[in-house]
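FYI, it's all coordinate maths here, none of it is from the lab. Given the structure is predicted, the values throughout are model-derived calculations rather than measurements. Virtual Cβ from ideal backbone geometry, glycine too; neighbours counted across all protein chains shown.
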Amino acid sequence: MSDCIFCRMIAGEIPSLRIHEDEDCIAVLDIGPAEKGHTLIIPKRHYEDVTDGLSAEVLGKLMKTAAVIGARQKERLHADGFNIVQNNGEAAGQTVHHLHIHVIPRFQGGPVIAGWNPTDPGQEALREVYELLKD
Ligand code: 5GP
Ligand code: ZN
């Protein structure tokens, strides 16, 4: 038996509310939703995170499913928008180490869910990081 909670969910060993399933993934309601309708898109195959060798095709399918579920949240829950969030590594907030994409409905005036405080690093620091990250 796998000790990965999402593998166990996919195998049907632990219950989940599946709002969608296809050959590549399931979409389940998050057990601790940030907003009503918060959904997780979970590939059926175990990948630790988005760097774990999944193909562009599978990644594209997961993203497409996230978009379909986001549109459904707008249509059926009357969400005003939605965030697509995907955490990689504990420092980034990943707690379940089986790749998943959060689709979180957003309502006008509701709580900020995915946000950050902009900084002003200056041109020199921006140029330094540009040199480190460019192709
Ligand atoms: P992460 O922090 O790894 O990006 O997100 C993990 C998510 O999985 C959390 O939002 C958490 O609420 C959700 N989660 C953890 N355990 C379960 C579970 O057993 N069932 C469901 N449906 N969601 C879970
Ligand atoms: Zn797994």
Of the residues in the stretch 21-43, how many are of a type outside the set (A, V, I, L, M), out of contact with any Gly (no Cβ under 7 Å at 6 or more places or on another chain), more than 17 Å from Leu99 (Cα to Cα) and surrounded by 14 or more Cβ atoms within 10 Å (Cβ to Cβ)?
-> 2
Given the conditions (1) within 16 Å of ligand 1 (Cβ to nearest atom); (2) of a type in the set (A, V, I, L, M, F, W, C); (3) closer than 18 Å to Gln94 by Cβ, report the number of the one that Ile69 does not fulfil.
-> (3)
From the set of residues in the stretch 86-135 that are farther than 30 Å from Asp24 by Cβ and in contact (Cβ under 8 Å) with a residue 24 or more places away in the chain, which is surrounded by the fewest Cβ atoms within 10 Å (Cβ to Cβ)?
-> Gln108
Provide a single number: the residues in the stretch 88-114 that are part of a loop (DSSP other than H, G, I, E, B) and within 16 Å of ligand 1 (Cβ to nearest atom).
-> 13
Which residue pairs have Cβ atoms under 8 Å apart, sit 6 or more places apart or on different chains, and have a first residue in the stretch 1-30 that is within 25 Å of Arg72 (Cα to Cα) and a second that is among the small types (Gly, Ala, Ser) and away from ligand 2 (no atom under 14 Å from the Cβ)?
-> Arg18/Ala27; Ile19/Ala27; His20/Ala27; Glu21/Ala27; Leu29/Gly37
Which one is nearest to Gln73 (Cα to Cα), of the residues in the stretch 107-123 that are within 19 Å of the chain's Cα centre (by Cα) and small (Gly, Ala, Ser)?
-> Ala114
Answer yes or no: is there a residue in the stretch 25-36 that is within 18 Å of Ala114 (Cβ to Cβ) and away from ligand 1 (no atom under 11 Å from the Cβ).
-> yes
